[in-house]
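Undergrad: Take this structure first; my questions come after.
The values are calculated or read from the model by the stated rules, or taken from the named source; none is laboratory data. For clarity, every value in this text was computed on a predicted model and none was experimentally measured. Positions of Cβ are backbone-derived with ideal geometry, glycine not excepted, and every protein chain shown enters the neighbour counts. Heads up: the accessible areas ignore ligands, DNA and RNA and are worked out on the full protein's heavy atoms, side chains in. Shrake-Rupley method; radii C 1.70, N 1.55, O 1.52, S 1.80 Å.
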Amino acid sequence: MTKLPTLSPTSIDALRSGKMNDPQNPGLAITVLPSGGKVWKYLRKLPGTNTVVKDTLGSYPANTIKAARDWAAALNEKVESGIDPRVVARADAERQEMTVEKAHGLYMDMIDSGSWKTLKPRSIKDKADYYRRSMKETIGPRCIHDITEDDLWEIIEDKAENDGAYTQANRTAAEMKVFFGWCVSRRGRVTGLKADPSITLSGSWYETNPNRRILNLDEIPVFLRALALEKRTVQRAMILWLLTATRKLELLEASTSEYRSGVWTLPADRVKNGTAHNIALGPWGRSLFQMNGEYVFPARVRADSTDDSTPTMANGWYAICTRITDNMSKISGKTVERFTPHALRRTMRSNTKRLKIDYETAEAMLNHLKQGLERIYDGYELEDEKAAAFLRWENEVIRIAMEAGVADILGCPVTKAVAPQSTGERLAA
């Protein structure tokens with residue numbers, strides 16, 4: 001019986017043509033190329049089929065005998081089980097290509113199409129924002145199949161414990177559960193995800209308390225004095241929040257096309273409740289709102305942010321509020337509780353009763369919908385009443401600014417605001 005040559009550095013060096021099989025690993029051979037170089041190749045038929053598995057590892061001695069044998073042994077393990085290792089390799093490659101970024105893109109495509117859920121434009125935007133702010137940089141480039149619950153909890157805990165944003169942490173966790181839940185569902189099967197890494201997340205993990213912060217009557221003049229220290233863009237936004245009681249992004253994403261003849265109309269797709277909202281601006285509000293460009297607060301004059309991913313000044317405002325709060329403490333000589341832009345909305349609403357503005361009108365100023373049967377049967381929109389109430393509130397803020405000695409710095413009108421026009425007069429204009 002002829003003894004097979006032993007695969008060794010000496011025998012390989014002596015090989016001048018053809019190939020030499022490895023007696024230890026069926027299918028493995030060292031082959032001499034026409035150039036004289038030598039490469040490792042694998043050739044073996046799947047048991048019970050006519051399928052031939054072919055593969056090449058690479059050149060020798062860059063790939064050692066041990067490396068070649070380990071490679072061939074892994075292939076043989078699959079082949080002897082009736083598995084084509086090339087099919088497995090392609091599946092693994094496709095699996096690695098399904099990143100979180102790619103999966104989220106497929107998720108948002110389905111959301112945008114409305115074939116899964118019909119959501120308001122604002123809700124769709126919120127989903128995109130949660131991903132951009134919390135997942136895009138941290139786990140976006142990674143294979144979705146490699147994401148663990150610890151990876152997700154790390155994002156949530158960092159947001160809560162380092163940033164102190166407990167509400168945002170809860171909301172991000174809730175959105176993660178929806179996204180990864182979709183990925184493992186039949187609708188999201190294109191992602192190939194089998195196990196849901198978000199299953200232990202909770203949208204109510206962190207205890208939060210409703211924020212009831214308002215600026216009281218003693219704080220409003222101090223706020224205006226601190227605001228006088230800010231640049232004009234910050235003054236415009238803060239005063240408009242106070243005068244109009246709008247939400248943060250309702251103002252920051254406002255376009256100049258929404259303004260006509262003294263009335264700012266918030267379109268339904270930019271409002272939380274999906275109902276368009278008319279705000280009749282007084283003279284001060286009109287002077288602060290009007291801009292020559294496309295947006296009232298364009299990104300080219302951003303506040304404290306360097307993020308240019310949006311066309312408007314959407315970021316940096318919480319840091320600004322902290323700075324204004326610090327200046328309020330210095331001016332008043334006592335510690336002032338931090339506020340946010342939404343506190344200015346609550347501040348306006350809290351002053352309506354003092355200014356003898358009736359409940360219905362005050363709720364309409366906030367664009368709160370009527371309730372119960374009233375919502376069904378009462379179609380009167382209170383536009384004239386809202387206009388008069390907004391003007392009354394603007395005049396009150398002007399009075400406080402004048403007493404605080406900052407009316408000129410903040411650009412208050414020289415003369416008192418005139419009586420509001422009726423709805424018919426505004427439309428005719």
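Undergrad: Going through segment 41-58 one residue at a time, which ones are over 15 Å from Asn21 (Cα atoms) and among the polar types (S, T, N, Q)?
TA: Within segment 41-58, Thr49, Asn50, Thr51 qualify.
Undergrad: Could you please give the count of residues in segment 18-48 that are in contact (Cβ under 8 Å) with a residue 24 or more places away in the chain, assigned to a loop (DSSP other than H, G, I, E, B) and either open to solvent by 50 Å² or more (accessible area, probe 1.4 Å) or out of contact with any Gly (no Cβ under 9 Å at 6 or more places or on another chain) (or both)?
TA: Number of matching residues: 7.
Undergrad: Only one residue in Arg90, Arg122 is buried (at least 16 other Cβ atoms within 10 Å of the Cβ) and among the basic types (Lys, Arg), so which one is that?
TA: Arg122 is the lone residue from the list that is buried (at least 16 other Cβ atoms within 10 Å of the Cβ) and among the basic types (Lys, Arg).
Undergrad: Can you find even one residue in segment 105-126 that is out of contact with any Leu (no Cβ under 8 Å at 6 or more places or on another chain) and closer than 17 Å to Lys54 by Cβ?
TA: no
Undergrad: For segment 193-207, name all the residues that are open to solvent by 20 Å² or more (accessible area, probe 1.4 Å) and over 28 Å from Glu161 (Cα atoms).
TA: Lys194
Undergrad: Given segment 66-161, what helices (runs of 4 or more DSSP H) lie entirely inside it while holding 1 or more residues that are modelled with pLDDT of 90 or more?
TA: It comes to 100-113, 121-134, 149-157.
Undergrad: Right, another one. Among the numbered conditions (1) β-branched (Val, Ile, Thr); (2) assigned to a loop (DSSP other than H, G, I, E, B); (3) surrounded by fewer than 16 Cβ atoms within 10 Å (Cβ to Cβ), tell me where Val190 comes up short.
TA: Checking Val190 against (1) β-branched (Val, Ile, Thr); (2) assigned to a loop (DSSP other than H, G, I, E, B); (3) surrounded by fewer than 16 Cβ atoms within 10 Å (Cβ to Cβ), the one that fails is (2).
Undergrad: Name the residues in segment 328-348 that are buried (at least 18 other Cβ atoms within 10 Å of the Cβ) and basic (Lys, Arg), would you?
TA: Within segment 328-348, Arg345, Arg346 meet the criteria.
Undergrad: I've got another one for you. What pairs can you find where one residue is in segment 222-237 and β-branched (Val, Ile, Thr), the other is open to solvent by 10 Å² or more (accessible area, probe 1.4 Å), and their Cβ atoms are less than 6 Å apart, with a gap of 6+ or different chains?
TA: Val222/Ile331; Val222/Ser332; Thr233/Val301
Undergrad: Now for a different question. Output the number of the condition that Leu281 fails; it satisfies all remaining conditions of (1) farther than 16 Å from Ser123 by Cα; (2) surrounded by fewer than 17 Cβ atoms within 10 Å (Cβ to Cβ).
TA: Every condition holds for Leu281 apart from (2).
Undergrad: Would you mind telling me which numbered condition in (1) at pLDDT below 95; (2) part of a helix (DSSP H, G or I); (3) open to solvent by less than 20 Å² (accessible area, probe 1.4 Å) Thr322 fails?
TA: So the condition that Thr322 fails would be (3).
Undergrad: If you don't mind, there's one more thing I want to ask. Within segment 211-247, can you find the residues that are part of a helix (DSSP H, G or I) and open to solvent by 40 Å² or more (accessible area, probe 1.4 Å)?
TA: Across segment 211-247, the qualifying residues are Arg225, Arg232.
Undergrad: Let me ask you something else. Can you tell me which residue in segment 125-155 is nearest to Val100 (Cα to Cα), limited to those that are of a type in the set (Lys, Arg) and open to solvent by 60 Å² or more (accessible area, probe 1.4 Å)?
TA: Top of the filtered list is Arg142.
Undergrad: Now for a different question. So which residues in segment 156-175 are crowded, with 18+ Cβ neighbours inside 10 Å and either among the β-branched types (Val, Ile, Thr) or closer than 30 Å to Arg90 by Cβ (or both)?
TA: Scanning segment 156-175 gives Ile156, Thr172.
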